[in-house]
Amino acid sequence: MNRILPWLLTATLLAVSVWPGGCVRTRTVLIPPGEPVQLAESVKAHVYIEVAGKRIRSKNRVTLPEGWWCLPDDEDGDQ
């Protein structure tokens with residue numbers, strides 16, 4: 001019995017550690033450059049603001065709420 005118990009514990013721990021890894025799948029989706037994306041969670045970030053016709057970076061970070069859309073910058077600079 002003493003020789004079976006360590007083997008049984010080892011087999012049980014191995015089975016428990018391997019089983020969840022086989023069931024959980026992670027999927028990565030690559031978004032093409034220039035496509036809009038929707039935030040899945042709130043993000044704190046610096047943003048650009050327009051002052052007197054010029055775009056400047058904000059001094060402080062702002063919270064962009066979950067669900068907001070982020071759009072690519074206009075390539076021509078026309079706004």
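To keep it simple, each residue is scored yes or no on (1) modelled with pLDDT of 70 or more; (2) not in a loop (DSSP other than H, G, I, E, B); (3) not β-branched (Val, Ile, Thr).
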residue	(1), (2), (3)
Leu8	yes, yes, yes
Val18	no, yes, no
Thr26	yes, no, no
Ile31	yes, no, no
Gly34	yes, no, yes
Ala40	yes, no, yes
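Restricting attention to the range 54-79, the residues being over 22 Å from the mean Cα position of the chain (by Cα) and surrounded by 10 or more Cβ atoms within 10 Å (Cβ to Cβ) number 3. Can you find a residue in the range 31-53 that is surrounded by 10 or more Cβ atoms within 10 Å (Cβ to Cβ), touching a residue at least 24 places away in the same chain (Cβ under 8 Å) and at positive phi? Within the range 31-53, not a single residue is surrounded by 10 or more Cβ atoms within 10 Å (Cβ to Cβ), touching a residue at least 24 places away in the same chain (Cβ under 8 Å) and at positive phi.
The values are calculated or read from the model by the stated rules, or taken from the named source; none is laboratory data. Note that the coordinates shown come from a computational prediction; the quantities given were computed from them, not determined experimentally. Heads up, the Cβs are rebuilt from the backbone with ideal geometry, glycines too, and the neighbour counts pull from every protein chain shown.
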